[in-house]
1. Being farther than 20 Å from residue 79 by Cβ, open to solvent by less than 20 Å² (accessible area, probe 1.4 Å) and of a type outside the set (S, T, N, Q) narrows it down to one residue among 13, 59; which is it?
2. Would you mention how many residues in region 16-35 are surrounded by 14 or more Cβ atoms within 10 Å (Cβ to Cβ) and within 17 Å of residue 89 (Cβ to Cβ)?
Amino acid sequence: MSRARFAFAAHPDAIADLRELPDHIRDLALLELQNLVHGSDDCLPLKGRLAGFHKVYVDPSVAYRLVIQFRPAPPTSTHPREIYLVAAGSRKDYAVYRAAQLRTGPQQDSDTASATEARVQATRFRSSLTTGHTTAAPPAPPVTARSTTTAPRKVLQR
């Protein structure tokens with residue numbers, strides 16, 4: 001067998017996913033992972049919230065999938081890149097994709113959360129130039145209640 005081109009790592013829950021697969025599907029999934037580590041490019045990129053990740057068909061009926069990511073390997077690795085298994089499971093009701101999204105969500109949303117927090121802090125911030133200065137809003141015109149019986153009605157003309 002050829003030398004591996006990629007290192008391999010997996011999300012801890014993805015290992016549990018593999019254990020929960022039916023035996024014959026797990027064997028096929030492990031074979032697919034071995035092929036990927038040795039350089040197979042038999043995967044398709046995902047779009048939307050899972051952009052940057054790839055799906056791998058596991059079985060001939062394409063009912064099971066792996067969700068993986070190609071990413072830089074840790075500095076201690078002998079390989080420059082690694083295959084990171086995010087989720088494994090059934091495609092039914094998009095279960096495997098939802099699991100992958102939940103596992104990768106906090107990493108993707110942390111930048112958004114910090115940007116949101118920065119905007120909130122910015123809106124709370126008051127400039128030192130405006131301290132002590134009050135700006136009066138123009139008075140609103142008085143609201144008068146009109147009787148519906150005395151109000152003229154417009155007749156729609158065609």
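1. None of the other options fit; the residue is 59.
2. So the answer is 10.
The values are calculated or read from the model by the stated rules, or taken from the named source; none is laboratory data. Being a predicted model, the structure only gives us computed values, none of them experimental. So basically every Cβ, Gly included, is an ideal-geometry build from the backbone, and we count neighbours across all protein chains shown. Accessible surface is based on the protein model in full, side chains and every heavy atom, while ligands, DNA and RNA are left aside. Shrake-Rupley method; radii C 1.70, N 1.55, O 1.52, S 1.80 Å.
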